[in-house]
Amino acid sequence: MSLNVEPIHPLLGARVAGLDLADVDDATLARIEAALVQHKVLFFADQHWSAAQQKAFAERLGELHVHPVFEADPAVRELVVFAYDDKRKGANDTWHADVTFAERPLKLGILHAEEIPALGGDTLWVDTEAAYNALSEPLKALFGTLSAVHDFQHARHPDDALSVDELADLRRLLPKPTLHPVIRTHPVSGRKSIYVNRAFTSHIAGLSRLESEQLLNLLLQHLQIPEFQMRWRWQTNTVAIWDNRSTQHLAVADYFPARRRVRRAAVLEEARPV
């Protein structure tokens, strides 16, 4: 069965029509994975998934990640629920690739839109391969020699005041800060991409504070160039699958006091990024 794939941006993002993700055979699943490497983000409308169905689909793509901190779905601990409104505002409006603070970050994310505000609540994705390709050759050479430290606590908002005991509990739950290459290679396509993000990358290893701040800020600003980005307007029961190895994303926090609830499954990489 061929896929009905409609690109929605010159660089990344495509709609896939006519599929029920709860009932795809192995050959179709392989085509979805190939399309994901090519288009980086795929969108599937009208997917009326239960939490169990979402988990079952995700497990076919690899080992699932259980987040050490975020709220899990009451029925399926491997799924994370992001439910925000005027009383509980999320902190996902910062560019990030998921779980880069772990030795084995995520290969891909699978998000099911359960409740979407009438206005706002879009998600943006950036093509980190295109951003890398647009760097000058001297900068590619320089950044190709560097590694950066990723730390979950770097993403904590200053207003998230924790007691000494709460902070100690958080540190016990989280992995220690980890080192990843500033420029990584996709294990399937072989293409290179920028692998630092504003949420979790604390600094570039082996440099002075000033050097690290200047070089890291150069890359983070470069990733914000609009031509590398696409914006998605959600509809209820849409599923998005994104390649976490070649993209970053953010959720726009412009919908309060309305409510937005989405449910994410996360598939781990097979090995550390290189």
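A short reminder: the numbers here are calculations on the coordinates, not readings from a lab. The shown structure was predicted, so the numbers you read here are calculated from the model rather than taken from an experiment. Here the Cβ positions follow ideal geometry from the backbone for every residue, glycine too, while neighbour counts run over all protein chains shown.
Could you line up VAL80, VAL196 from fewest to most neighbouring Cβ atoms inside 10 Å?
In order of increasing Cβ crowding within 10 Å: VAL80, VAL196.
What's the FRET efficiency of ARG104 with ALA258 using the Cβ-Cβ distance as r and R₀ = 41 Å, to the nearest 0.05?
Result of the calculation: an efficiency of 0.70.
Using only the alpha carbons of region 193-269, what is the convex hull's orientation-averaged projected area in square nanometres?
If I average the Cα hull's projected area over directions, I get 7.3 nm².
Hey, what do the phi angles of region 34-45 turn into as Karplus ³J(HN,Hα) couplings, whole Hz, using 6.51/-1.76/1.60 and θ = phi - 60°, x for Gly and Pro?
Going residue by residue, I get 5, 5, 5, 4, 6, 9, 6, 9, 10, 10, 10, 7 Hz, with x marking Gly and Pro.
Please check which bits of region 110-136 a label hung off HIS48 would reach, taking the label as a point 7 Å along Cα-to-C-beta and the cut-off as backbone N under 16 Å.
113-115
What is the distance, in nm, between label points placed 7 Å from the Cα along the Cα-to-Cβ direction at ALA205 and at ARG231?
3.8
Please rank ILE116, ILE225, fewest neighbouring Cβ atoms within 10 Å first, as an exposure proxy.
ILE225, ILE116
What's the extension gain from ASP93 to SER136 if we count 0.36 nm per residue and subtract their Cα-Cα distance?
Taking 0.36 nm per residue and subtracting the Cα distance, the gain is 12.6 nm.
Under 1.5 on a/c is rounded, so check that first for the chain, then, if it is not, pick prolate when a/b is larger than b/c and oblate when it is not; a ≥ b ≥ c are the square roots of the alpha carbon gyration tensor eigenvalues.
The shape class here is oblate.
For a protection proxy built on the mean count of beta-carbon atoms within 10 angstrom, sort 18-25, 242-249, 106-113 highest first, please. The partial results should precede the final answer.
Details: 18-25: 13.9, 242-249: 26.1, 106-113: 23.4.
Going from most to least packed, we get 242-249, 106-113, 18-25.
Among the chymotrypsin sites (Phe, Trp or Tyr not before Pro) within region 58-131, which fall in a DSSP loop and have no more than 15 other Cβ atoms within 10 Å of their own Cβ?
When the chymotrypsin sites (Phe, Trp or Tyr not before Pro) of region 58-131 are filtered for loop state and at most 15 Cβ neighbours within 10 Å, PHE70 remain.
Working out 0.36 nm times the residue gap between GLN38 and GLU59, then minus their Cα-Cα distance, what length gain in nm do you get to one decimal?
Numbers: separation 21, 0.36 × 21 = 7.56 nm, distance 2.13 nm.
Length difference between fully extended and current span is 5.4 nm.
For SER50, SER2, SER147, which order do you get if you count the other beta carbons within 10 Å of each Cβ and list the fewest first?
In increasing order of surrounding Cβ atoms, one gets SER2, SER50, SER147.
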